[in-house]
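Each reported figure results from applying straightforward, stated rules to the coordinates on display, with no laboratory input. Computed from a predicted structure; not experimentally measured. When we count neighbours, we look across all protein chains shown, and the Cβ atoms used for this are built from the backbone with ideal geometry, even at glycine.
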Amino acid sequence: MCGITGYIGDGITLDEDDDAGAAAGNGGVASVGDIVHEGLRNLEYRGYDSAGVALVGETSGLTVAKRSGEVDNLTVPDVPDATLGVGHTRWSTHGPPTDANAHPHTDCAGDVAVVHNGIVENHEALKRELADHEFTSDTDTEVIPHLIEEELAAQRGEGDLLNAVRAVEVRLEGSYAICAVREGEDEIVVARRGSPLVLGRDDDATFVASDVTAFLEHTRDVTYLEDGDVAALSADGVEIYADGDLVDRGVETVTWEADAAEKGGYEHYMRKEIHEQPEALRQTIAGRLDVDGGDVDLDVSFPPGFLADLEEIQIVACGTSNYAGRYAAQLFEELSGVRATVEIASEYEFGAGRSPDRTLVVAVTQSGETADTLGAVRRANAAGARTFAVTNTLGSTVTREVDDTAFIRAGPEIGVAATKTFASQVATLTMLAVAIGRERGALGAADARPVLEGLRDLPGAVQQVLDAEPKVREAATEYGDSEAFFFVGRQLGVPVALEGALKLKEISYDHAEGFAAGELKHGPLALVTPDTPVLAVLTDGARADETMNNVTEAQTRGAPAIGCVSAGEEYGTLDVSLPVPDVGLVEPLVANVYLQLFAYHVANDKDRSIDKPRNLAKSVTVE
Ligand code: F6R
């Protein structure tokens, strides 16, 4: 998840308290460079691996500046005649966070510059077609300016940037939002498919960004682009094309206050991040699924023979990441035929009697910095096992200590309670399980296909659950004041139940516990009363009918029951039934989104410090 922004106009006359004015240091007029730089500061929550700008002026031409590190590391060049500019803040997916990989990227002649959010899935094939072009980065993005260059050349001097981008856009596969500029042209051309892009309209200027936060201090009149739209922005207005036709997308007025705007209009980062899950999951799977071929490409290769001889996969992780690991362990066994165990990282020892050269130790860690998980990796390395990290954070310590890494690509997560990263961890681990199963010959293409179809459909399924939020909010209001909450499930529903309980206790400070549903009757049932709601995962992959029997046992003792139920199934006795779209093995993961929303609304009704719960930290770097 990266942030992109752009501005076209004559600069802005500033108020004393205007942020861009403060940055300009003159209290008078903020230049195009200042405005774009300020927009990037406002978007830094979307990524902070590198930053860059491209500015275009009538006589100065195209000026590009970019460097790795946070937005304030970037010195924006002074280009007094610039009338338009675009900028980018990066969350790395293809290529490490270096100066060369920072956006904007340019064509061979240095006439065209592009910033991009998303992933061009077919970049390798496109790059092969552009064999005579000179590439200077490892990014997928760089194919775009070169394709535009080709297109402009094909149009033999007749062409303009808008037509070139329209021709190129249809060749890109994957998700993207792009802004392109060209020396000698007084417009910014933008396009979106699958990644957000919003335009800001003022009397004599136009803004564009991944999120209104970038320009909200200048205008509240916005136009949201839709997938497939390509637009030409000038200082006087915008022309938006969809399927070749000029369209009117209307103008809306944003009414959020500045603080809410930083959170995309949500009151808390956590709720925003819950709602970002479809976008995050799209990034997680982008370019990695070959559904028809029944295969995945995680861009990792094990030494010859290693997977064939593999005896055990040990997953090490803490907290939410541990629950992602528990989910994955079941999939590793089912899909790759390898025995899989999960250990709490702080408890992990390699263990006598295991063979290090036949063991893969998978560390699951959002931050890549959790001391307990790093300790476990070090113990596994010391024992001679092969180590593998599944993390969100490029360049993090864990990536430097393991043999291989797969990135979950969820984008920055600011809320202390992990939400979107859990979903992206499970999705990445599912792909890893398929990859290992396929390579070992334990999983045929025909059996892999439905798993991959489920992953492909996951973002849409999560969106359906998010659209049903009012129903969960109602349940949270009705049951939120209960004495305690029990979460139950079976099989893949167990880690989801554990995660649901963890989320609730973390942010609401209520007592909540997750159990394997069958265990209720072996003890915890003594705690069940009419004041202890039971939340159950009743989906495919979670032995729903048997779980429902246990829920009924709790209901008999007066407990209210809320169930996340596979769409089309019905358990008439549930007090609240929340439908979960059918996505096969990842269906319980979709149910988890209801539990996240339930925790959020219970905590919000109690006015808790949701993004920074008491006593907790986002990254736990002590043992
Ligand atoms: C819970 C939560 C924590 C983390 C745990 C591990 O919402 O966020 O339980 O999952 O501290 O952190 P990472 O994944 O960064 O290793």
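Numbers below:
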| read-out | value |
| --- | --- |
| Dipole of the chain, positive end: most advanced residue of 85, 154, 592 [Cβ charges, Cα centre] | 592 |
| Cα shape, the range 379-470, gyration tensor, a/c 1.5 rule | oblate |
| Proximal charge balance of residue 166 [Cβ under 11 Å; K/R count +1, D/E count -1] | -4 |
| Per residue Cα convex hull volume in Å³ - calculated over the range 40-137 | 97 Å³ |
| Highest-first arrangement of 321-327, 369-375, where packing means the average Cβ count within 10 Å | 321-327, 369-375 |
| Sparsely packed trypsin sites (Lys or Arg not before Pro) within the range 152-236, loop by DSSP, other Cβ within 10 Å at most 12 | 156 |
| Listed peptides 504-511, 113-120, 294-301 by packing density, highest first (mean Cβ within 10 Å) | 113-120, 504-511, 294-301 |
| Spin-label pair residue 81/residue 549, simplified geometry with 7 Å Cα→Cβ offset, distance in nm | 8.2 nm |
| R0 of 35 Å, Cβ-Cβ distance residue 619-residue 226: FRET efficiency to nearest 0.05 | 0.40 |
| CD proxy at 222 nm, helix term only [per DSSP H run n ≥ 4: -39500 (n - 2.57); per residue of the chain; nearest 500] | -10000 deg cm²/dmol |
| Cα-centre dipole for the chain with unit charges at Cβ (Lys and Arg positive, Asp and Glu negative), debye to 20 | 2660 debye |
| Cα-based Rg / Dmax (Å) for the range 270-464 | 15.7, 47 |
| Spatial extent of the range 548-623: Rg and Dmax, with the Cα atoms as the point set, Å | 16.4, 48 |
| Kirkwood hydrodynamic radius of the range 169-212, Cα pairs, Å | 11.7 Å |
| Interatomic Cα distance distribution for the range 3-262, bins of 5 angstrom, percent | 1, 7, 14, 20, 22, 18, 11, 5, 2, 0, 0 |
| Protection-proxy order for peptides 583-593, 555-565, each taking the mean of Cβ atoms within 10 Å per residue, highest first | 583-593, 555-565 |
| Three principal axis lengths of the chain [C-alpha, angstrom, descending] | 79, 56, 46 |
| Fraction of alpha-carbon pairs over 29 Å apart in the range 408-559 - percent | 26 percent |
| Cross-link partners of residue 606 among aspartates and glutamates (Cα-Cα below 15 Å; sequence separation of 8 or more within a chain) | 267, 474, 478, 481, 483, 506, 510 |
| Cross-link table 521/618; 420/505; 66/618, entries beyond 26 Å C-alpha to C-alpha | 521/618; 66/618 |
| If the convex hull is drawn through the Cα atoms of the range 469-605, its volume per residue in Å³ | 85 Å³ |
| All-pairs alpha carbon distance profile, the range 307-350, 10 Å steps from 0, percent | 31, 51, 18, 0 |
| Neighbourhood charge, 10 Å Cβ-Cβ cut-off, centred on residue 530 and excluding it, Lys, Arg +1 and Asp, Glu -1 | -1 |
